[in-house]
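Let me begin by presenting the structure, written as structure tokens, before commenting on it.
Read the figures in this text as sums done on the coordinates, not as results from a lab. None of these values were measured; they are calculated from a predicted model. With ideal geometry, Cβ positions are generated from the backbone for all residues, glycine too; neighbour counts draw on all protein chains shown.
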Amino acid sequence: MLKYMKKTIPLIIILVFVAAIFGSCAAMSTTPVVKTALTQKKSIKTDFNISGILLPKNTVSVSSKLSATALTVNAEIGSAVKKGDTLIFLDTKQMTAQLALAEASLKQAQAAVNSAKSSSRSASSAVKVVQGNTNTAKINLDATQAAYDSVKALYDVGLTSAADLDAAKVKLNAAKSQYDTLNGPQTRQAKYSSSAASDNVNTAEAAVAVAEANVNLLLLQMENTVITSPVDGIVATRNINEGELASIGVPLATVIEADTLKLKGTVSQIMLPMLSEGQEINITVDIYPEKAFTGKISMIAPIAVTTGEYFPIEISLPGEAGLKPGLSAHASVSIQSVEHLCVPASAVVSDKGQSFVFIYADGAAKKQAVTTGILDGAFIQILNGLAEGQEVITSHTDILADMMKVSK
């Protein structure tokens, strides 16, 4: 009996193993039984949500346009300021001394202009005098020439003596010499002196312009020693104390405009048709869970961020009592899409960033790439890849392969 059991047990084990193998093969050859649904057009209602930090409408950095020591600093962190309020007074002693020197140089340059103009007027008068004398000499020359011509005519017919002709010649030469002197060297010298005097006026006036520019520059710098708030807001930071040096362009304080707060985020391109600027949106702030706030979409960027498909969006809300920049908040709005082709969400599978469905076709699962839109949990939009009335598989999609045999 014991021998018989020893022979029988291995045989039973072999039979069980063979049965298990055949059973497994039979299970593997079993056609999956799947559920299906028809594609249909319907409207989907979903929620659009953004979470982030409340930011001020604007953050303005205040800096100095010159290097000077801070005498008074009124910018206290957290204090409310109005546009034009003085935040910082800078030391003006050095610039006051420079301004006095520049103003003295300006007066000196103006005096030089007056002197140059006086010399120019004198030179112009000298030109007129020489011109007048030249005109007189020309008249005298013409008269002397006429007298000589008359004496010469009489001499030629023997009606006057050679002595008279010589006397007329002497007078003519004297008149010519006087005219040539006035019309030549004296006229040129007078005109040269007048031109030089005019140039001196231009040079002196240019010096006045430079001196005036220096004065105006220092006056402007004096104005820049009073640093004011460029906006209505709240002082958020202060980086200078009395007695410290303010350097050009280095931020000294920051003023934030908190009358309006902003919540920033991104929105998928498939949501864009359902959102618009000015649309109201509900906002909750973490530290005020029981209170609801209402904001508006103030900006939807015209271009996507570098990652693509997502667009920056900005939601604005009034800076009410208790709301401050830096608080965490959440925005949400329920949106209803227009009617679009949809399938049950369970019909869509994703693989390496691409979405697919399996179409039931003559007892087989045909894999089809699709472009999806928004979903409400139960249904998802199909933007491309399917037509209305097609039958898609909604179960066992994780084990299906293209053209795999299935049954319903």
> If you take the beta carbon distance between Tyr155 and Lys176 as r and set R0 to 22 Å, what does 1/(1 + (r/R0)^6) give as a FRET efficiency, to the nearest 0.05?
Replying inline: 0.65
> Efficiency by 1/(1 + (r/R0)^6): what FRET value for Thr136 and Val250, r their Cβ-Cβ distance, R0 = 56 Å, to the nearest 0.05?
Replying inline: 0.15
> Using a Gaussian network for the chain with springs between C-alpha atoms less than 10 Å apart, which of these wobbles most: Ala70, Ala168, Ala301?
Replying inline: Ala168
> Where the Cα atoms of region 95-224 are projected onto their three principal axes, how long is each span, largest first, in whole Å?
Replying inline: 97, 15, 14
> Based only on the alpha carbon positions, what is the Kirkwood hydrodynamic radius of region 47-115, in angstrom?
Replying inline: 17.2
> Taking 0.36 nm per residue of separation and subtracting the Cα-Cα distance, what length does fully extending Lys169 through Lys45 add?
Replying inline: 32.2 nm
> What would the Debye formula give as log10 I(q)/I(0) at q = 0.09, 0.10, 0.21 Å⁻¹ for the alpha-carbon point model of region 296-408, no solvent?
Replying inline: -0.40, -0.48, -1.17
>> How big is the dipole moment of region 95-224 about its Cα centre under a simple scheme where the beta carbon of each Lys and Arg is +1, that of each Asp and Glu is -1, and everything else is neutral? Debye, nearest 20, please.
In response: 240
>> Please give the charge dipole size of the chain, origin at the Cα centre, charges +1 on K and R Cβ atoms and -1 on D and E Cβ atoms. Round to the nearest 20 debye.
In response: 1180
> Which of Met95, Ser124, Ala111 sits farthest toward the positive end of the charge dipole of region 95-224, with +1 on the Cβ of Lys and Arg and -1 on the Cβ of Asp and Glu?
Replying inline: Ser124
> Given Lys264/Lys366; Lys41/Lys262; Lys82/Lys296; Lys128/Lys171; Lys171/Lys191, which pairs have Cα atoms separated by over 31 Å?
Replying inline: Lys264/Lys366; Lys41/Lys262
> Just going by the charge dipole of region 257-408, with Lys and Arg at +1 and Asp and Glu at -1 on Cβ, which of Ile270, Thr294, Ala347 is farthest out on the positive end?
Replying inline: Ala347
> How do Ser64, Ser125 line up, fewest other C-beta atoms within 10 Å first?
Replying inline: Ser125, Ser64
> Which entries of Lys83/Lys324; Lys57/Lys291; Lys45/Lys408 show an alpha-carbon separation above 27 angstrom in the structure shown?
Replying inline: Lys45/Lys408
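Ranked by Cβ crowding within 10 angstrom, fewest neighbours first, how are Ile50, Ile281, Ile77 ordered?
Least to most surrounded, the residues fall as Ile77, Ile50, Ile281.
Show that you can apply the helix-only estimate: for the chain, add -39,500 (n - 2.57) for every DSSP H stretch of four or more residues, divide by all residues, and state [θ] at 222 nm to the nearest 500.
The helix contribution divided over the chain gives -13500 deg cm²/dmol.
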